[in-house]
1. Where does the charge balance sit around F42 when Lys and Arg score +1, Asp and Glu -1, over other residues with C-beta under 15 Å from its C-beta?
2. Where the only charges are on Cβ atoms (+1 Lys, Arg; -1 Asp, Glu), what is the dipole of the chain about its Cα centre, to the nearest 20 debye?
Amino acid sequence: MNAIKQVLGAFWIALAAAAAYFCVFEFGLPKLLSDQQDDLVFGVIILFILTPLIVMGLGTFGYYSLIGEYNDPKRKTNK
């Protein structure tokens, strides 16, 4: 089970990188560069509020999963 957790940790980190790309280049920047004020507000919210929350959350969860923080303490691990 611990090996599955570590593999999924790498998956969460890859998902964080994909979320960063899509939040910045697909959602945030096109909205910032448009001429409409509603799009500008949405772009600022996406880029400066939601993107850091999503990426840091997924990345932190993946990192801790990779290093074994979520392993069962009752089981003996090979560290």
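Throughout, read-outs are computed from the coordinates displayed, never taken from laboratory work. Because the structure is a prediction, the values reported are computed rather than measured. Note that we place each Cβ from the backbone using ideal geometry, even for glycine, and neighbour counts take in every protein chain shown.
1. -3
2. Rounded to the nearest 20 debye, it is 780 debye.
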